[in-house]
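Please treat every number below as a calculation from the coordinates, not as lab data. Just so we're clear, the structure is a prediction, and the values are computed from it rather than from any experiment. So basically every Cβ, Gly included, is an ideal-geometry build from the backbone, and we count neighbours across all protein chains shown.
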Amino acid sequence: MESRTAIPAKGVDKKELLESMGQMASNDADWRNGRTWSMVYFAGDEHYDFMKKAHNTFFSENGLNPMAFGSLKRMESEVVRMSANMLNGDANVVGTMTSGGTESILMAVKAARERAKSGLKIGPRSPEIVAPRTIHVAFEKAAHYFGLKIRYAPVDENYQVDVKALRKLINRNTVLVAASAPQYAQGMIDPIAEIGAITQEMGIPFHVDACFGGFFLPWMERLGYELPVFDFRVPGVTSMSADVHKYGYSAKGASVVLYRDMSYLKHQFFVATDSPLGIYASPSMTGTRPGGSIAAAWAAMMALGEDGYLALARQTMDAVEALRDGVDAIPELEVLGSRHGSVVCIGARNKAVDIYALADQLQARRWHVDRQQFPASLHCTVTGHHLQYVPEFLADLQEGVAYLKANPSAASEGQAPMYGMMAKIPFRGAVKLSVLKVMEAMHAPGGGMPDIGSMGKDDDSSPLFKAMDKYGDRAMEVLDKIDDTRQNVRQAFDRATEKLRSK
């Protein structure tokens, strides 16, 4: 079907439309055959079909008005209560459903900001969040939207936050401390108990971002895996977020944000009383609240039950361990962090293998993996569905490594140079400008997926794309030297800091 810029004068045949939609999706990431290592959480065809039916049963209903749709209010309340119990909350824990992890985090930040300036207490003029450098970018987004500043604490060699450094960042402007269970990049749980002791002593709200692990870690723990305590068992934890549409295996658009009691949740609410529309009250960010997502979340939790979640967690950990062992068996690669859940983060042991060129090799073999920076690595979110595909992935990973060793020039081809430059360039404003150019190209009139490799040839491209196109390998050599110098300075600083602490 040809591309459309206007509503057709006459409606198109529904069968033809469905066929066209199927054709549009033919080149999308292939999650059904296990070739997508993020974004989709698949619990099998039977559960998938059930989710569609549960979602469609309420796809027209709107959770905006609980008086009109009491069924949705009941299901939301039960999802919140079941989630709170799963995360060891007591009977006072309250919360709401949201459209996803980002909205849950936005709401937790908004509630903390409002709480800081509520009542007789005068809140800080410049409210701040203190969080690990590895915290999810949704906190930066929340700070951007709501006028806060984030102070980032460094992480140690295990990719967990340095608690001493975090404590030093807390000041009178701090309205929220946040940490991860686990963080997405390397799959490590921050020292929640230690942080909670600090925030409880100082009377500061502490949010645990368990969007990724909230519906997985409890079952992993039940299977006998040893994990740091990460939930409401820590007295200093005042709020948590957990995505039902990840390892809760619900339909997309379902997360929960939970608070220790109503004294925190009440600051999330929005109420307007003077509009001609009447009294307007909203518990979360959105106005219209799609009923299908609420219903599917409730149905997923009820249908799977504890036994279903335990079985899926066991299968997932089998896949995780098989993938970890396979990566460890490849001398040129290593697993970074990744001890606290379902992530396998793959790095290069030395510069002989360019990790972004390896991603290009995997992409050519129809695998979708996320490229990460600081350090350069590949991210795999593992589910039980991946278990049968791990051997094929490892074989292609090994082939990709062998190809790169035999063809060093491959690091200068495909998307690898651009990812490498963006990760190494010290002027992050230039990187931001370049990404904005990509966004503009994608969302311009008639925009689609831009060809990043050719953007340097466009007069409207950012200086970074132009430099990459003009200087190529020479630019990367300069950035490598800058990166090496920066690493040496950082190591010298760390050694000096350690000496001072030891004294």
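Contact order, relative form, for segment 169-304: 19 percent (alpha carbon pairs under 8 Å, 6 or more residues apart, mean separation divided by residue count). Counting only other residues whose beta carbon sits under 9 Å from that of ALA210, what net charge do I get with K and R as +1, D and E as -1? That sum, taken over residues with Cβ under 9 Å, equals -3. Relative to its residue count, segment 227-302 spans a Cα convex hull of 121 Å³ per residue.
Counting beta carbons within 10 Å around each of TYR152, TYR356 and listing the fewest first gives the order TYR152, TYR356.
Look at where the Cα atoms of segment 291-321 and of segment 126-167 average out, and the two centres are 30 Å apart. In loop segments of segment 1-33 as defined by DSSP, the GluC sites (Glu not before Pro) with at most 12 further C-beta atoms inside 10 Å of their C-beta are GLU2. Taking square-rooted eigenvalues a ≥ b ≥ c of the alpha carbon gyration tensor, is segment 56-183 rounded, prolate or oblate, where a/c under 1.5 means rounded and, failing that, a/b exceeding b/c means prolate? Here segment 56-183 falls in the prolate category. Pop the C-beta distance of ALA352 and ARG81 into the FRET formula with R0 = 56 Å and round what comes out to the nearest 0.05. That pair, ALA352 with ARG81, gives E of 0.60. Per residue, the average separation of C-alpha pairs within less than 8 Å and at least 6 apart gives segment 193-240 a relative contact order of 62 percent. Look at the Cα gyration tensor of segment 55-302: its axes a ≥ b ≥ c give a/c of at least 1.5 with a/b at or below b/c, and that counts as oblate.
Among the GluC sites (Glu not before Pro) in segment 148-201, those located in a DSSP loop and surrounded by at most 15 other Cβ atoms within 10 Å of their own Cβ are GLU157. As a length-normalised measure over Cα pairs under 8 Å and 6 or more apart, the relative contact order of segment 55-302 settles at 29 percent.
Separation of segment 48-80 and segment 172-202 by C-alpha centroid, Å? With segment 48-80 and segment 172-202 each reduced to a Cα centre, they are spaced 33 Å.
Near ASP90: Cβ cut-off under 14 Å, other residues only, Lys/Arg at +1 and Asp/Glu at -1. The net charge is +1. Neighbour counting of Cβ atoms within 10 Å sorts the residues ASP274, ASP209, fewest neighbours leading, into ASP274, ASP209.
Rounded to the nearest 20, the size of the Cβ-charge dipole of segment 55-302 about its Cα centre is 680 debye, with Lys and Arg at +1 and Asp and Glu at -1. Loop-located trypsin sites (Lys or Arg not before Pro) across segment 226-263 with a Cβ neighbour count of 14 or fewer within 10 Å are ARG233, with loop assigned by DSSP. Each Lys or Arg adds one and each Asp or Glu subtracts one; over the other residues with Cβ under 12 Å from the Cβ of GLU392, this totals +1.
Listing ILE279, ILE189, ILE170 from fewest to most neighbouring C-beta atoms within 10 Å gives ILE279, ILE170, ILE189. With a/c under 1.5 counting as rounded, go ahead and sort segment 23-76 into rounded, prolate or oblate using the C-alpha gyration tensor (a ≥ b ≥ c being the square roots of the eigenvalues; past the cut-off, prolate if a/b is larger than b/c, else oblate). It is prolate, given that a/c is not under 1.5 and a/b is the larger ratio.
So if we plug the beta-carbon distance of THR273 and VAL12 into 1/(1 + (r/R0)^6) with R0 = 56 Å, what FRET efficiency do we get, rounded to 0.05? After rounding, the FRET efficiency stands at 0.75.
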